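Structure first, then comments.
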Amino acid sequence: MPNIHEARIAILATDGFEKSELFEPRRQLTEAGAKVTVVSLKPGEIKSWDKTDWGESVTVDTTVDQVSPSDFDALVLPGGQINPDVLRTDAKAVDFVRAFFNTGKTVAAICHGPWVLVEADVVKGRDMTSYHSIKTDLVNAGANWYDKSVVCDQALITSRNPGDLDAFCAKIIEEVEEGRHERIAA
């Protein structure tokens, strides 16, 4: 089990990510000592969505076709409506998320981020939360949905919205340090 100071954490996102849901985990995890890598579908920069309009951009460190789950100790999926909707239509992104989940390492998704987990077909039988508007999507995919700030099921961490970011980030650190989990198929 890696110490957070030795952890390598991927944040998978594309244009339209909720600004705070990428910037805040990146800040908190970096301040805790982790090496955080922004992974996307294309090189360059990706632009956030900030409340009602395009927000700040972030530089992409690498693309999803250049990485492997073995490169990282945890995976973070920010929300926003646009970002996960685009990611779940990209076969390479979905395959990466599924493969990462199957390693037993920490996977964390916030807000609409669990849409990508639904597409990767890894939510059946899992305890989860999300932004309230996608509750039905998770339930229809077989998840057990709870209205809580953070829900953790064998290192699968989910949270509802930006108001949950402190609890979300703290749980990521805790689960990374705990190490891999043997996930039993639902």
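Only residues that are hydroxyl-bearing (Ser, Thr, Tyr), within 11 Å of ALA109 (Cβ to Cβ) and part of a loop (DSSP other than H, G, I, E, B) were counted in the range 123-161, giving 3.
Every residue, every condition in (1) in contact with a helix residue (DSSP H, G or I) (Cβ under 9 Å, 6 or more places away or on another chain); (2) surrounded by fewer than 22 Cβ atoms within 10 Å (Cβ to Cβ); (3) of a type outside the set (Phe, Trp, Tyr), yes or no:
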| residue | (1), (2), (3) |
| --- | --- |
| GLY113 | yes, no, yes |
| MET128 | yes, no, yes |
| THR136 | no, yes, yes |
| CYS169 | yes, no, yes |
| ILE173 | yes, yes, yes |
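Output the residue which, of all residues in the range 1-10 that are under 11 Å from ASP73 (Cα atoms) and not in a loop (DSSP other than H, G, I, E, B), is farthest from the chain's Cα centre (by Cα). The residue in question is GLU6. Residues that are more than 17 Å from the chain's Cα centre (by Cα) and surrounded by fewer than 13 Cβ atoms within 10 Å (Cβ to Cβ) were ranked within the range 15-53; the one that is nearest to SER159 (Cα to Cα) is LYS51. In summary, strands (runs of 3 or more DSSP E) completely within the range 16-120 and bearing 3 or more residues that are at pLDDT below 95 and at negative phi occur at 53-59. Screening PHE72 against (1) touching a Lys or Arg at 6+ places or on another chain (Cβ under 6 Å); (2) more than 19 Å from GLN154 (Cα to Cα) leaves a single unmet condition, (2).
The values are calculated or read from the model by the stated rules, or taken from the named source; none is laboratory data. Note that this is a predicted model, so its numbers are computed, not measured. All Cβ positions, glycine included, derive from the backbone under ideal geometry; neighbour counts span all protein chains shown.
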